[in-house]
Amino acid sequence: MKSLLLSFLFLFLVKTSVFAQEDYPTDYKIQYELTFKIDSLNMERTDTEKMYLFAGSNYGVFMNQARAMKDEQMEKLQQKYGSNVQVKFGVNNNKGQDLNKVIFSNYQTGQIKVLQEISDKDYIYVEPAPMDTWEIGEETKEFMGYTVQKAMIDFAGRHYEAWFTMEVPISDGPYLFRGLPGLIVEIYDTQNHYHFKMLALEKLETPKIWTLPKADESSKYKIKDIQKRLNNNALSGSDYAYMMGKTPGVSGSFSVTDGQAAVMDLTDKSGQKITKEDLKRMFKSELESQNNPIELE
């Protein structure tokens, strides 16, 4: 009987630990600008995106501007209507799957958990690649009033040069780049396809606590496969609502019958009406242009 009781207690503790919330308190808000070339067949096309790192002594959370703005909007709504209010915001930027990740870093354990939304569903995986192969050089320069030092690393098929400062004792940086003895203020691959540069660093008046949301546990490679299958299914089928949400500049209205969404009155970024076949062609072209992700491997 005692053995059975201990077994039950063990299962209970395991179950509650799986579903326990994880909080990530942060004290700093760091804004980066990312300049990147998403289409390797059109290198004259350059996109930019604002990205944010919220960091503290033990934790960091990195995200795109859409996700940061969503969080600010939610805070305002909860202040007005109460903490129980829940509103669904779009948080994807339509500029590649990798740039829609939210990266939760635990500096104490070294573990990185990545949250990714695909078709209104959240998935979480543990990042498998460690950032432990930095080569720190002796070269230094000035950047925004900080003395910064050069470092280099190979990651996901690209060679990167980074500049970090030990004057800001945060062992983190944009995207998955972390592990140097100070904050990364600038990092770029040697082909300059992806270039992160810090724009501002702000000490928060009150600490901001991020909570890792509930999501389906998965792996990095399964999530890529899910995204690929959704794209292929949308093209081969008639999921115009999905294609509209993934095609920049396209807008339209919906009608819902028996749980099925039908798209009506499609327009492009100039306000001109387009057909469903136009949308499918634009969606396919957008997918084909996203051939130069930040992670090549």
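Here, each number is a calculation from the coordinates, and none is a lab measurement. None of these values were measured; they are calculated from a predicted model. A quick note on method: Cβ atoms are made from the backbone with ideal geometry, for glycine too, and the neighbour counts reach across all protein chains shown.
So here's what we get for this one:
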| item | result |
| --- | --- |
| 13 Å beta-carbon shell around Gly179, net charge (K/R +1, D/E -1) | -3 |
| Coarse-grained scattering of region 176-252 at q = 0.12, 0.18, 0.19, 0.26 Å⁻¹, given as base-10 log I(q)/I(0) from a Debye sum over alpha-carbon atoms | -0.76, -1.09, -1.08, -1.13 |
| Full-extension gain in nm, Lys150 to Ser289, via 0.36 nm per residue minus C-alpha separation | 46.8 nm |
| Net charge of Cβ neighbours under 11 Å - reference Lys150; Lys, Arg +1; Asp, Glu -1 | -4 |
| Rounded to whole Hz, the Karplus (6.51, -1.76, 1.60) HN-Hα couplings of region 268-273, x for glycine and proline | 8, 5, 8, x, 7, 5 |
| Vicinal HN-Hα couplings computed from phi for region 165-181 (Karplus, 6.51 cos²θ - 1.76 cosθ + 1.60; Hz; Gly/Pro x) | 10, 7, 6, 10, x, 10, 7, 8, x, x, 6, 8, 7, 7, x, 8, x |
| Full-extension gain in nm, Ser238 to Glu277, via 0.36 nm per residue minus C-alpha separation | 13.0 nm |
| Pairwise Cα inverse-distance average, inverted: Kirkwood Rh of region 130-266 (Å) | 19.1 Å |
| Pairwise FRET efficiency - Ile136 versus Met43, Cβ, R0 = 35 Å, nearest 0.05 | 0.70 |
